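To keep things clear, I will list the structure first and then write my remarks on it.
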Amino acid sequence: AGLSSTASAFSSTADDQSAWQMVNPAAEWTPRAGLQAAELDGMLIVMGGRTPRPPRKPPLPGDSDLHSDVWRSADGGASWVQLREEAEWAPRAYFRALVLRSRIFVFGGQNFMPVTLPNGQLISKSKFFNDCWSSANGIEWRRETAAAGWSPRAGLSGIALGGQLVVLGGSVNDDSAIVAGPAPRTYFNDVWRSADGVSWTRLVEEAPWPKRAGARVAVKDGALFLFGGEAGFLPRPGEAELPYFNDVWASNDGGSQWERLVANGDAPWPSRPGHEVLLLNGAFVLFGGFRPDESGFGEDNPNDMWSSGDGKLWQLLPKTPWNAVRTSQVKYDFAALTVRSQQGRERILTFGGDRETFNFFDETQYLRVDNDVWRYGDAP
């Protein structure tokens, strides 16, 4: 049976009353990408991620400081207090943090440890994680498992649904656009769930949607939706098409069976990874993400926002994300969540993010990572 559509495919998020406001131009935590954010007991929590280092000569693509710090805000992101300089879990980026039964669960992700061989070749020695940790306050962390049932991976998707943690897709090994092997990058389309982060059950080994990393997932009316992602950062040799997705899939049973709502190439929004899709006032809002320019060295990030009530029909929203006037101001690999104000208004908050390109000879590249906080929703 197909998913039932809502009465209206769009919602009030499509009107001109919604606006972007900067909450904090430079938070107390360092600029970073691949971080995560969560809301716990009315407090905002930001943790982990990577901060690019100043350039070396010759360039060392992806050279970064990895974080396992934890920060808390009690005023909607305007000010931050450090809870932990280094949590018990290993520093990482491109992981997932979810809240279930008043605990934050952190799992997956990677560090970035390239090494130079005696012949001068640069290869990846990144560690990919499949451990799971949890905390009731962001301060004390408990290891739930050192190795979940799913294999180590980064860029995985995850969400809390029906009292369970759900993990989908992701990839292992670094992309050749950044640093080569030794093993090629491998992608997943499996689906797993857990009620406690300790024991994990595989729902499906290979879902019908193509293997990918960087997909976004959201829940509406008990159904699980998956949007976009990538199977590589740049076109494969001899190919012109970017290996990006703009398909939409949905599951009514928590991730075991899937229905394709929009075929890849058919959505009105450009395919992308590093984006976000959040539910706001009953509608999906999609924004942000990465796209390279035709040279592959610059960026052509999608400066658009889209809304949908059912995942099938999409409407272009009048605002640009973060009030961006240039594509270089559009972020990817940022953290974001929907929060409800004391007045009951729903708003989207974003934290940090990346604006780097693949031009590793640009000595200002490392500065294109942010530590700002933004709010999107009804103007106060």
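Read-outs: derived from the displayed coordinates by stated rules, not from any lab. Computed from a predicted structure; not experimentally measured. All Cβ positions, glycine included, derive from the backbone under ideal geometry; neighbour counts span all protein chains shown.
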TODO: Excluding Ser79 itself, calculate the net charge of residues whose Cβ lies under 12 Å from the Cβ of Ser79, where each Lys or Arg counts +1 and each Asp or Glu counts -1.
DONE: -1
- [ ] For Lys220, go through the lysines and keep the ones whose alpha-carbon is under 18 Å away, minus same-chain ones fewer than eight residues off.
- [x] Lys312
Task: Label zone at Ala263 (point 7 Å along Cα-to-Cβ), backbone N below 19 Å, region 233-247 - done: 241-247
Task: Per-residue HN-Hα couplings for region 337-347 [Karplus 6.51, -1.76, 1.60; θ = phi - 60°; Hz; x = Gly/Pro] - done: 7, 9, 10, 10, 6, 4, 7, x, 7, 8, 9
- [ ] Evaluate the Debye formula for region 31-378 with equal point scatterers sitting on the alpha carbons, no solvent, and hand back log10 of I(q)/I(0) at q = 0.12 Å⁻¹, in q order, two decimals.
- [x] -0.83
TODO: Jot down the radius of gyration and Dmax of region 326-380, Cα atoms only, both in angstrom.
DONE: 14.5, 49
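Does region 230-274 come out rounded, prolate or oblate, given a ≥ b ≥ c as the square roots of the eigenvalues of its C-alpha gyration tensor, rounded meaning a/c under 1.5 and, failing that, prolate meaning a/b above b/c?
prolate
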Task: Antiparallel DSSP beta bridges within region 31-378, as percent of all bridges there, nearest 5 - done: 100 percent
TODO: Using just the alpha carbons, could you tell me how many Å³ per residue the convex hull of region 269-380 encloses?
DONE: 102 Å³
Task: Net charge over other residues, Cβ less than 11 angstrom from the Cβ of Phe287 (K, R count +1; D, E count -1) - done: +2
Task: Theoretical gain in end-to-end length, Glu206 to Leu367 [0.36 nm per residue, Cα-Cα removed] - done: 54.1 nm
- [ ] Enumerate the amide H contacts of Ser126 below 5 Å, restricted to partners 5 or more residues apart or on another chain; note that Pro and chain-start residues carry no placed amide H.
- [x] Met113
TODO: Give, as a single signed number, the net charge of other residues whose beta carbon lies under 13 Å from the beta carbon of Glu230, with Lys and Arg counted +1 and Asp and Glu -1.
DONE: +3
Open item on the list: Taking the Cα centroid of region 183-209 and of region 251-307, what is the distance between the two, rounded to the nearest whole Å?
Closed with: 21 Å
Open item on the list: Just to be sure I understand the curve: with the Debye formula and one point per C-alpha of region 23-168, what is log10 I(q)/I(0) at q = 0.15 Å⁻¹?
Closed with: -0.78
- [ ] Label region 183-321 by shape, choosing from rounded, prolate and oblate, from the square roots a ≥ b ≥ c of the eigenvalues of the Cα gyration tensor; if a/c is under 1.5 it is rounded, and otherwise prolate applies when a/b is larger than b/c, oblate when it is not.
- [x] oblate
Task: Hydrodynamic radius of region 263-321 per Kirkwood, over alpha carbon pairs, in Å - done: 12.2 Å
